[in-house]
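Pasting in a structure now, in structure tokens, and then I'll have a few things to ask.
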Amino acid sequence: MITTIVAFLVTLGVLIVVHEYGHYRVAVACGVKVLRFSVGFGRVVWSRQRGADGTEFVLSALPLGGYVRMLDEREAPVAPHELERAFNRRPLWQRTAIVAAGPLANLALAVVLYAAAHWVGLDEPKAVLGSPIAQSPAERAGLRAGDWVQAWQDTQGQWHDIRAMTDLRWQITQAAMERQPLDLLVTDAQGQGRRQVRLPLDELQSTDIDASLMRRVGLGGAYSEPVLGEVKPGGPAQLAGLKPGDRVLRVDGQVVPDAQVLRERIRAAVRGDQGRTQTWVVLRQGRQLELDVTPRVAQEGTGDAARSIGRIDAVPGLAPAMVTVRLGFVDGLAQGASRTWEMSALTVRMLGRMLIGEASVRNLSGPLTIADYAGQSVNQGVAYYLGFLAMVSVSLGVLNLLPLPILDGGHLMYYLFEGLTGRPVSELWLARLQRGGIAVLLAMMSVALFNDVARLLGLH
């Protein structure tokens, strides 16, 4: 819990400081006097004045944002000798640059963070597939447990390497968003038997694109051998005579191709409030043994989503094969820029489709989900946390560019109107648009918070 809280606060702090520093740095460069640089809102808990202009740098009690307050005649009277340093007196292009600098700073940070993650190196599961879900697009395409996805083909017919499972998930998401099939080059786990497979992602609906997309495609986790790991003392596995290192060959006469299928068979071994006895055939030190295993019954989920599942109190499967993805300085920067662009475009498309009802609003996440993922990424290592931080920085940059009056994008919308008409937006319309923007933003925050709670309760 402490790790999660600290990681969340660090995430917010870094992203807010970079965003506001973008505004601050460009404002100073344009000759605008900055009165306050605040991280957080509400009661000031720390402050210090620095610089020739006596800018007040503060930390406030509510760390869910920040702001840069500049000299502006619309907010307070300005001394005659400082009028030229007021924000509202600066040329249109300078005001535009100052406002746009915050989101652009977040996008620039994302490039560096993605690059740094690849410089450090990411240990990721190889793109070796577990068993596809029955009757899913993946199964119909001919994918099997143990298939190693080597490359994907773009619309121009060019093949691109798949370095790890993360790359595969990203390409699947991209293709699903475009409603296009995805051509994959696969081999067996040893790199033999090369063949081409077409994943029919064009069959999916836009509303299917959410956190459960991979399950809808039919892909679970990476391939894991059906070999038992730790066996807890006194649990159903030990009582049945199972031992660490046992390779499960069959359960109730059905072949077990990987750990994913094994876990599903265990979970399904429930009859009412009792575990259903299964007949397991395992390979131990070259000998096949037949054992009767009776899982215990456990509850999964809460409320209406609760259900009974089987447990054997043993780790059903080895860790998947891993690969280290590490790039040099230039390649890392190129990958960072590419991933930032792709993530930005994906975020815009997703928001657009949610707006017209073609994508699920369950894709919206709030502070609870960010905090949870921040803690998880820290536990996985520095590179993973850098990648997570980059992803959130992209989201913050793109969201702030939305044309909502209360956001930076709303101000840019005003400046576009001013540039086209030669006159600023009237005070009356500014007030109306501001109220509308606050209402939309509150609605989005409410949906995001609801989704957070639903995910934590296992309802999504």
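The values are calculated or read from the model by the stated rules, or taken from the named source; none is laboratory data. This structure is a prediction, so every number in the text was calculated from the model and none was measured. Here the Cβ positions follow ideal geometry from the backbone for every residue, glycine too, while neighbour counts run over all protein chains shown.
State whether the residues of the range 116-133 include one that is under 30 Å from L407 (Cβ atoms) and out of contact with any strand residue (DSSP E or B) (no Cβ under 6 Å at 6 or more places or on another chain).
For the range 116-133, residues under 30 Å from L407 (Cβ atoms) and out of contact with any strand residue (DSSP E or B) (no Cβ under 6 Å at 6 or more places or on another chain): present.
Now for a separate question. Could you look through the range 17-61, keep only residues that are closer than 17 Å to N106 by Cα and of a type in the set (V, I, T), and pick out the one that is surrounded by the fewest Cβ atoms within 10 Å (Cβ to Cβ)?
V17
Still on this structure, please answer the following. Quick test of your reading of the structure: R48 fulfils all but one of (1) within 32 Å of the chain's Cα centre (by Cα); (2) part of a strand (DSSP E or B). Name the failing condition by number.
(1)
How about the range 233-284: which of its residues are in a strand (DSSP E or B), more than 25 Å from V128 (Cα to Cα) and out of contact with any Gly (no Cβ under 9 Å at 6 or more places or on another chain)?
Across the range 233-284, the qualifying residues are R271, Q274, W280.
Taking the conditions exactly as written (exposed (fewer than 15 other Cβ atoms within 10 Å of the Cβ), among the hydrophobic types (A, V, I, L, M, F, W, C), in a helix (DSSP H, G or I) and out of contact with any helix residue (DSSP H, G or I) (no Cβ under 8 Å at 6 or more places or on another chain)), does W93 satisfy them or not?
It is true that W93 is exposed (fewer than 15 other Cβ atoms within 10 Å of the Cβ), among the hydrophobic types (A, V, I, L, M, F, W, C), in a helix (DSSP H, G or I) and out of contact with any helix residue (DSSP H, G or I) (no Cβ under 8 Å at 6 or more places or on another chain).
Could you go through the range 30-45 and let me know if any residue there is part of a helix (DSSP H, G or I), in contact with an Asp or Glu (Cβ under 8 Å, 6 or more places away or on another chain) and of a type in the set (D, E, K, R).
no
Hey, among V453, V440, V425, which residue is in a loop (DSSP other than H, G, I, E, B), farther than 24 Å from R339 by Cβ and over 16 Å from the mean Cα position of the chain (by Cα)?
Matching residue, one of V453, V440, V425: V425.
Of (1) in a strand (DSSP E or B); (2) in contact (Cβ under 8 Å) with a residue 12 or more places away in the chain; (3) not small (G, A, S), V17 satisfies all except one. Which?
(1)
Residue under question is L291, and the condition is that it be more than 29 Å from A127 (Cα to Cα) and surrounded by fewer than 18 Cβ atoms within 10 Å (Cβ to Cβ); does it hold?
For L291, the condition - more than 29 Å from A127 (Cα to Cα) and surrounded by fewer than 18 Cβ atoms within 10 Å (Cβ to Cβ) - is met.
Now, a different point. Write out, first by first residue and then by second, each pair whose Cβ atoms fall under 7 Å of each other, whose residues are 6+ apart or on separate chains, and whose first residue, in the range 64-75, is closer than 20 Å to N400 by Cβ while the second is in a loop (DSSP other than H, G, I, E, B).
Note: pairs meeting the criteria are M70/V32; M70/K33; D72/A86.
Turning to a different aspect of this structure: Step by step: first the residues of the range 138-169, then only those that are of a type in the set (G, A, S) and either exposed (fewer than 15 other Cβ atoms within 10 Å of the Cβ) or out of contact with any helix residue (DSSP H, G or I) (no Cβ under 6 Å at 6 or more places or on another chain) (or both), then the one that is farthest from R215 (Cα to Cα). Which residue is that? Working first, answer last.
From the range 138-169, those of a type in the set (G, A, S) are 138, 141-142, 145-146, 151, 157, 164; that's our starting set.
Checking the rest, the ones that are also either exposed (fewer than 15 other Cβ atoms within 10 Å of the Cβ) or out of contact with any helix residue (DSSP H, G or I) (no Cβ under 6 Å at 6 or more places or on another chain) (or both) come to 141-142, 145-146, 151, 157, 164.
On the way: A141: 15, G142: 16, A145: 15, G146: 17, A151: 21, G157: 27, A164: 18 Å.
Ranking the candidates gives G157 first.
Of the conditions (1) at pLDDT below 85; (2) surrounded by 14 or more Cβ atoms within 10 Å (Cβ to Cβ); (3) within 30 Å of E230 (Cβ to Cβ), Q299 fails just one. Which one is it?
Result: Q299 fails condition (2) only.
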